[in-house]
1. Can you tell me which residue is surrounded by the fewest Cβ atoms within 10 Å (Cβ to Cβ) among those in the stretch 136-193 that are within 25 Å of TYR318 (Cβ to Cβ) and of a type in the set (Ser, Thr, Tyr)?
2. Select from the stretch 126-144 the residues that are small (Gly, Ala, Ser) and in a loop (DSSP other than H, G, I, E, B) and write down the one among them that is nearest to PRO205 (Cα to Cα).
3. Scan the stretch 180-211 for residues that are touching a residue at least 40 places away in the same chain (Cβ under 8 Å), outside any strand (DSSP E or B) and of a type outside the set (Phe, Trp, Tyr) and jot them down.
4. Sort out which residues of the stretch 25-62 are aromatic (Phe, Trp, Tyr) and part of a helix (DSSP H, G or I), and write them in order of number.
5. Any idea how many residues of the stretch 317-354 are in a helix (DSSP H, G or I) and either among the basic types (Lys, Arg) or buried (at least 17 other Cβ atoms within 10 Å of the Cβ) (or both)?
6. All but one of (1) over 24 Å from ASP92 (Cα atoms); (2) of a type outside the set (A, V, I, L, M, F, W, C); (3) not in a loop (DSSP other than H, G, I, E, B) hold for GLY173; which doesn't?
7. Can you pull out the residues in the stretch 145-186 that are of a type in the set (Lys, Arg) and closer than 20 Å to ARG203 by Cα?
Amino acid sequence: MPKVSIIVPVYNAEAVLRRCVDSILAQEFRDFELLLMDDGSKDSSGVICDEYASMDGRVRVVHKENSGVSDTRNQALDMARGEYIQFLDADDWIVPEATRLFVYHIETSHADMVIADFYRVVGDRISRKGSIEEEGLITRNEFADYMAKSPADYYYGVIWNKFFRRDLIESFGLRMDASLKWCEDFIFNLEYLLHVENVYVLRVPVYYYVKTEGSLVQQGMKIGKIVQMKLNVIEYYNRFYEKIYDEYEYAQKRPEIYSFLIDYAHDDGAIPGLPGTKKLGEERVLVSQEPQVSSCWEGMYYEQRMLDRIIRTASQQYGLDPRDLKLFLYLRTFGHIGTMQEAADYVGLSPMLLAALIERLAFRGYVKLEFGKPATAELTPQAKPVVDTLDLGLKDLEESELENMDEDVAKIYQEARALAAGNLRKRLER
C-alpha cells in the first residue's frame, strides 16, 4: 500500500494540469498514489489524465459525471489507500520536497496534522503566506487560539497546505459537505481538528496557490441562499469553539471567535512592490543548463545546486540565514572549528564576520562557545532539529544520486567517492 494518497480534482484544467501533475510526479518522496479525479471535464483534461496513468503506475484516474469539487474529493477519499492524505487543486503546484517534509514531520513529531506555509501566485509574482511564526508541535487548543485571531485567513481555511492522517478521517467518517459552495474546506478542517491532539507547524512554503475561482454571485447563486449558507458556516465555527473550550475559556475568547462574523476570506495577494513579494522563480534554486561536456565538474555542479536547495529550504523553515546553516553543516561534519580561516572559507565569509556570526548563534542558543586558545564552537542540543532537517535533505541527495543504480554499482560508487574525497584531502594538506 502507498504511504500517501494525493488527491487532485480535475475540471476543465487542460491549460494548467500538466504543471500540477508534473510537480507531483517530481516529488523527492516516491511512495505515493496520485488520484486524478476527472469531474466531467469538457476539454482535454481527461485525455491528459489518461496519458499520465499510462506513463506512471502510481497514477489512478477516475472519469465521472460532474458533481462538484466536494463530492469529487469524497469519492477520492473512498478510494484512497494511503496512510496519509494530501490535497492539491489542478490550478496549483508544489515544491519537490513538499510530500517528503510532510511525511517526515508528521512521523517524527507524532502529529495528527501538519500545516505549512504557501506561496500566493499573481501573474509572475509570488508572496509567501503563513500565520504561525514558530516552527514545531503545538496542541489542538493552541492551534485554535491562533486561528481565532485570524479566522478568515486562507492559511487556516484551505486543505491544500495541510497533511492529514487517513485513519482519523475514516474512524470518524469525515467528508466534505457537498451542499456547501463556500468554506467547505474550512468545515472539513474544523471537523478534523475536533479529533486531533496536536498539530505540527511547518514554516516552509511548499505550495503554489493560484486563485482563479469567481464569487458565489458570479457562480449564479441567489443572494438569499448565499446569506443562509454563510450563516450556517458561522454557526458551525462557533460550535467548534464551544466544543473545545470550557465555559470560562469560551466566554473569555468570545470576541475573537465572533470576529468571524465580520471578517472575510483573504490571502492578501501578491502585489509588486510590497514587502515579501518576489518574481516567480526567484524563491527556488533551479537548474536550467546542461553541461556540453560530461565530467566530474557536472556532478559537482548538480550536487552544489542540490545543496543550495537543501540550505534554502532549512533557511525558510527555521528563519536562519543560509550562512548560519553552512556553519551548521561544517560543525556537523567536523564537530568543531579547526581554524577560523578554514571555517570562514567554507561559510563564505571573512574570519571577522564569521566570528560575529558565531557570537550571534551562541546568543540564540544554537552554538556553545569555549574561550580557550584557540576558541572553539560546537552545536548545542537546540540546533538538533535544524541539523536533522539538513541530514534529511542530504540523505535524499544521496538517494537521488544512487537512483537507478543496482546495489553493487551503488556500493562501488560510494567507495570510489570516499577514496576520491581522501585523495583531495591529502592534496589540500600539502
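1. Here the residue is THR139.
2. As a first pass, look at the stretch 126-144 and keep what is small (Gly, Ala, Ser): 127, 130-131, 136, 144.
Then drop every residue that is not in a loop (DSSP other than H, G, I, E, B), which leaves 130-131.
Working: GLY130: 8, SER131: 12 Å.
If we take residues in the stretch 126-144 being small (Gly, Ala, Ser) and in a loop (DSSP other than H, G, I, E, B), then GLY130 is nearest to PRO205 (Cα to Cα).
3. So the first thing to find is which residues in the stretch 180-211 are touching a residue at least 40 places away in the same chain (Cβ under 8 Å), and the list is 180-184, 186-187, 190, 192-211.
Next, from what is left, pick out any that are outside any strand (DSSP E or B): 180-184, 186-187, 190, 192-197, 211.
Scanning the stretch 180-211 gives LEU180, LYS181, CYS183, GLU184, ILE187, LEU190, LEU193, LEU194, HIS195, VAL196, GLU197, LYS211.
4. We begin by selecting, within the stretch 25-62, every residue aromatic (Phe, Trp, Tyr); these are 29, 32, 52.
Answer for the stretch 25-62, where residues must be aromatic (Phe, Trp, Tyr) and part of a helix (DSSP H, G or I): just TYR52.
5. Pass one, the stretch 317-354, residues in a helix (DSSP H, G or I): 317-318, 322-334, 340-347, 351-354.
Now restrict to residues that are either among the basic types (Lys, Arg) or buried (at least 17 other Cβ atoms within 10 Å of the Cβ) (or both): 317-318, 323-332, 340, 343-344, 346-347, 354.
Qualifying residue count for the region: 18.
6. Every condition holds for GLY173 apart from (3).
7. Step one: filter the stretch 145-186 for residues of a type in the set (Lys, Arg), giving 149, 162, 165-166, 175, 181.
Residues satisfying the conditions are LYS149, LYS162, ARG165.
Residue by residue, here is whether (1) in contact with a Leu (Cβ under 8 Å, 6 or more places away or on another chain); (2) buried (at least 20 other Cβ atoms within 10 Å of the Cβ); (3) of a type in the set (S, T, N, Q) holds:
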site: LEU88; (1), (2), (3): no, yes, no
site: VAL95; (1), (2), (3): no, yes, no
site: LEU101; (1), (2), (3): yes, yes, no
site: HIS105; (1), (2), (3): yes, yes, no
site: THR108; (1), (2), (3): no, no, yes
site: VAL114; (1), (2), (3): yes, yes, no
site: ARG120; (1), (2), (3): no, yes, no
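The values are calculated or read from the model by the stated rules, or taken from the named source; none is laboratory data. Small disclaimer: the values here were computed from a predicted structure and weren't measured. We place every Cβ from the backbone using ideal geometry, glycine too, and count neighbours over all the protein chains shown.
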